[in-house]
Structure formats: C-alpha cells, structure tokens
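One structure is given here, and the rest of the page talks about it.
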Amino acid sequence: MTSAVATPPIRFFRVSRYRRLAWWGSGLACLLSVAGMVLCWMTPSIGLPLRPGLDFTGGTQIQLERACGTTCPAITVDQLQQQLQAVRFSPGTDGRVAPNLAAAQVQVLDGGRSLMLRLPELTPDQSTQLTEQITPVTGPLLPAGTSVNTIGPTLGDQLLRGSLISLLVSFAAIAAYITFRYDRIYAALALLCLFHDVLITCGLFAWLGLLRGVEVDSLFAVSLITVAGYSVTDTVVVFDRIREQSSVLRDLPVVDQVDVAVDATLTRSLYTSLTTLLPVISLIFFGGSSLFWFAVALTAGIAVGSWSSIGIAPTLLPVLSPRR
C-alpha cells in the first residue's frame, strides 16, 4: 500500500499568491511616510518629523463661537489673520513684552460658526483684549462658547518628553513579551509589523501636517500606543494558528501551513477589525473637533495593523524560515 500524501484543505484565500503585491504596497506606503516626515523636518516652520501641537510647543489656544442664527456671515482665515496683526495690547503690570501674533494659526470650523486661534502664550488679560479687538471681523461672540487654554513652554517640554518615554517603554515591553512568548523569528516579524504600522500612521500625519497644517498632541501619542497594542494582538493570533498548523500539517511546506493558518483566522481578523473600527469611526463624525484627529489616527492605525497581520507578517515567515 502507498501512503496518501497529505494535502491542504480547500482554501478560499491563499495569501502567499499575492505576497509580492502586499510587499510592494507596504514598501511604497513606508517610503511615502518617510518622505513626508523628512519634508516636515526640513520645513523651517516645523523642524520636526511631525508638526507639534500646542501640548508640546506651549502657547494659548482660544476657541470662539459666533452668535449668529441659522447661517453665519462668511469669514475667511485671511480676514482673521489681518485683524490679529492689528491687535494692540495695553501695557501690563508684569513687564512682559507684547507677544508677536504674526505666526498665529487660525482655523474656521463648522461653516464659520466656530473659530480656533493658536497663539503665543498670552496672559488672561491679553486673551480678553484680543477677543474684544477681533469682534469687528467676527461679529458678536457667545460668552459660553469661548474657551481659553494656555500651556507654558516648560509644561510643553515635559509633555513631549513624557509622551516619547511612554512610547519607548510600551514598545520595549511589547518587544520583551514577544521575545519571551515566541522564538526570535516570530518576535522579529511582530516587531517589524509594529514598526510598519506606527511608521505609516506617523507618515499620514506628516503629510497632513504639510498639506493641511494638522498638529499632533498628547492624544496622538495615546493613539500610537493603542495602535501598537492592537497590531501585536492581531499578529499574535495569526502566529498562534501558524504554530498549531505546523504540528497538524507537518508534511506540508511552510507556505501551505501559513496559507491554512491565515485562511482560518481571516474571518476573525476582519470581523474584529470592523467591530473595533465602528465606534472609532463614530468618533470621527460625532466626537467633535477635540477627538477628530485622535479618531483618524486610530482608524488609520487599526486598518494598517489588520493589513500587516494578514499580508505582511505571515507572508514573510516562509521566506525567512523556509524549513520551519
């Protein structure tokens, strides 16, 4: 009698057939991300890989709400910036030099109903004077819709340093766990996907900072840590299934074992990603301006993390360890 050769079960999706396309797509996305971060660094007004927000640079942020009915009179960013340059502060008792408002950043939100001003650090009295002097352009303002947030440069440096430390510590802890839980090849691939997901998320915001003036703040650091944890969790699930298949389908090549494992976890990965994205996407539409970019970062990171756990980490395993 001749023993029958074990054959893999019928698969709906063989990821190994499209691995080169997946590698090229991820490689191009990483290249564009690096290019965006380099351009940000070379831009004099930014000077960093990402455009830092008020949390990291320090300053005063004033949000105003105009008192208008169903429709607000049209107002442009140029009109507001010209009015800001005409603002004159009365001499203060603390001897401070009047801040230069030439580099102030202005956003017009909600169809002109809300205004966002990012300014150098102002005293409470200067904030009041500025609000009063721009009313010829903005029109009446709602006192209840006015909010003023001031962060000093020292606190901004502390927040930036704390955010970087928290990111490094979380990444180091993830690396230590994966190295202990798996062998070196699995750990290397999981960390590669982690770096891939964080890089593309940062690259997206680098281009948004260049083209749209989007700034990153402490919430962005929180989103990166969340993306890192999600990415590793999704990759570990696929790796666990690959290890199971390696004992059940011992006679098959590694590439077939990987295809079976990915096909077995594909539905679970897609459903998990979709159910995770639903509340995050709802934050984009209903979370308000303060959570908008945080939700965008989470959405991009979760989508890229799901992609890397399916199309990058498993497809690289047969190449790096063909006799596993």
Furthest towards positive pole of dipole, Leu270, Leu50, Gly301, structure part the chain, Cβ charges
Leu270
Relative contact order for the chain, counting Cα pairs under 8 Å that sit 6 or more residues apart, in percent:
25
Rg/Rh (Cα only; Kirkwood hydrodynamic radius) as it applies to the range 191-243:
1.12
Quick check on the chain: helices-only [θ] at 222 nm, where DSSP H runs of length 4 and up contribute -39,500 (n - 2.57) each and the sum goes over total residues. Nearest 500, please.
-21500 deg cm²/dmol
Applying the gyration tensor rule to the Cα atoms of the chain (axes a ≥ b ≥ c; rounded if a/c under 1.5, else prolate if a/b exceeds b/c, else oblate), the class is prolate
Quick one: putting +1 on the C-beta of Lys and Arg, -1 on the C-beta of Asp and Glu, what dipole do you get for the chain around its Cα centre, in Debye to the nearest 20?
1020
Taking alpha-carbon centroids only, the range 112-151 lies from the range 229-273 a number of Å equal to 54
Most exposed first, judged by fewest Cβ atoms within 10 angstrom, Phe239, Phe205, Phe294, Phe171 run Phe171, Phe294, Phe239, Phe205
Hey, if you put +1 on the Cβ of every Lys and Arg and -1 on every Asp and Glu Cβ in the chain, which of Thr235, Gln83, Leu316 ends up farthest toward the positive end of that dipole?
Leu316
Note down the magnitude of the dipole of the range 59-151 about its Cα centre, charges +1 on Lys and Arg C-beta and -1 on Asp and Glu C-beta and zero elsewhere, to the nearest 20 debye.
100
Ranked packing of 57-67, 172-182, 308-318, most packed first, by mean Cβ within 10 Å:
308-318, 57-67, 172-182
Residue by residue through the range 208-213, what is 3J(HN,Hα) from phi via Karplus (6.51 cos²θ - 1.76 cosθ + 1.60, θ = phi - 60°)? Round to whole Hz and write x for glycine and proline.
5, x, 6, 8, 10, x
Going fewest to most other Cβ atoms within 10 Å around each Cβ, Cys72, Cys40 line up as Cys72, Cys40
Taking the Cβ-Cβ separation of Ser290 and Thr76 as r and a Förster radius of 22 Å, what is the calculated FRET efficiency to the nearest 0.05?
0.40
Cysteines having no other Cys beta carbon under 4.7 Å from their own, within the chain
Cys30, Cys40, Cys193, Cys202
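Each value in this text was obtained by applying a stated rule to the coordinates, not by laboratory testing. Keep in mind the model is a prediction, meaning the values are calculated, not measured. Every residue, glycine among them, receives a Cβ derived from its backbone with ideal geometry; neighbour counts consider all protein chains shown.
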